[in-house]
Amino acid sequence: MEQYALIMRHEDGKKVASPEQIQIWMQQTMDWIGSISAQNKFVSGTGLPFDNARVITASDKGKIVTNGPFGDIKETIGGIIVIKAASVEEAVEFAKGSPVLQGEGNSIEVRKIAKDDGTH
């Protein structure tokens with residue numbers, strides 16, 4: 001059994017949903033995570049709010065810190081969960097159930113978590 005990160009990407013992080021819609025999505029997300037947890041395959045997860053976010057970039061002038069992720073960034077990461085799966089295909093099947101995919105242009109990136117085995 002391997003661990004996989006399901007990285008939730010929002011195409012336009014500047015769009016703001018109504019409080020009612022946010023509440024619906026939160027309940028759907030909790031139900032989705034609950035279904036993974038019921039199979040004893042949920043490891044951890046968290047949302048990544050935009051409030052007080054900063055982006056640090058390196059340039060020839062040094063390190064530049066800006067408020068973010070805003071401005072020219074079209075795509076943002078809204079959250080991440082870590083699951084256990086027997087294969088990447090199983091992890092993809094879990095990802096397909098995410099309510100994040102209801103948003104036009106949103107996506108879920110599935111990445112295997114590197115083991116602490118000296119090869120990563």
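The values are calculated or read from the model by the stated rules, or taken from the named source; none is laboratory data. In this text, all values refer to a predicted model and were calculated from it rather than measured experimentally. Glycine also receives a Cβ, built like all others from the backbone with ideal geometry; neighbour counts cover every protein chain displayed. To get the accessible areas, we keep the full protein, side chains included, count just its heavy atoms, and leave off ligands, DNA and RNA. Shrake-Rupley method; radii C 1.70, N 1.55, O 1.52, S 1.80 Å.
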Scope the stretch 103-112; condition part of a loop (DSSP other than H, G, I, E, B) and either open to solvent by less than 60 Å² (accessible area, probe 1.4 Å) or in contact with a Gly (Cβ under 9 Å, 6 or more places away or on another chain) (or both); matching residues: 103, 105, 106
Could you please tell me which pairs satisfy a Cβ distance under 6 Å, a separation of 6+ or placement on different chains, a first residue in the stretch 81-100 that is surrounded by 18 or more Cβ atoms within 10 Å (Cβ to Cβ), and a second residue that is part of a loop (DSSP other than H, G, I, E, B)? 83/41; 84/1; 84/41; 100/106
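Of all residues in the stretch 68-80 being open to solvent by less than 60 Å² (accessible area, probe 1.4 Å) and over 17 Å from residue 34 (Cα atoms), which is modelled with the lowest pLDDT?
71
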If you go through the stretch 37-52, how many residues are modelled with pLDDT of 90 or more and under 17 Å from residue 78 (Cβ atoms)? 2
Reported set for the stretch 1-36 where residues are at pLDDT 85 or above, of a type in the set (Gly, Ala, Ser) and surrounded by 14 or more Cβ atoms within 10 Å (Cβ to Cβ) is 5
Yes or no: residue 65 at pLDDT 80 or above and open to solvent by less than 50 Å² (accessible area, probe 1.4 Å)? no
